[in-house]
1. Output the residues belonging to the range 1-16 that are within 18 Å of residue 61 (Cβ to Cβ) and either outside any loop (DSSP other than H, G, I, E, B) or over 9 Å from the mean Cα position of the chain (by Cα) (or both).
2. Report, by residue number, each residue of the range 35-49 that is surrounded by fewer than 15 Cβ atoms within 10 Å (Cβ to Cβ) and under 11 Å from the mean Cα position of the chain (by Cα).
3. So, in the range 47-56, of the ones that are part of a loop (DSSP other than H, G, I, E, B) and touching a residue at least 24 places away in the same chain (Cβ under 8 Å), which residue ends up nearest to residue 19 (Cα to Cα)?
4. Considering 44, 37, 19, which residue is at pLDDT 90 or above, outside any strand (DSSP E or B) and either touching a strand residue (DSSP E or B) at 6+ places or on another chain (Cβ under 9 Å) or on the phi > 0 side of the Ramachandran plot (or both)?
5. Among the residues of the range 22-34 satisfying the criterion of being assigned to a loop (DSSP other than H, G, I, E, B) and in contact (Cβ under 8 Å) with a residue 24 or more places away in the chain, which is surrounded by the most Cβ atoms within 10 Å (Cβ to Cβ)?
């Protein structure tokens, strides 16, 4: 995970060119659902995903998730 935007959306980079559809659920390493993909943008070779979290993250939670790996269920 790359960033948390001011609106609370998570910005995630895809590992390759395969694009997941919007509304796909995204989970962390433990399998806990973190949110859903609401937008796909950026370069075709490695797009970015805007993920709406299930709940608003506190600033401390936002710092903890930056750099973590998220997976599409």
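The values are calculated or read from the model by the stated rules, or taken from the named source; none is laboratory data. In this text the structure is predicted, and so the values were computed from the model without any measurement. So basically every Cβ, Gly included, is an ideal-geometry build from the backbone, and we count neighbours across all protein chains shown.
1. 3, 4, 5, 6, 7, 8, 10, 11, 12
2. Result: 38, 39.
3. 47
4. Going through 44, 37, 19 in turn, the sole match is 19.
5. 24
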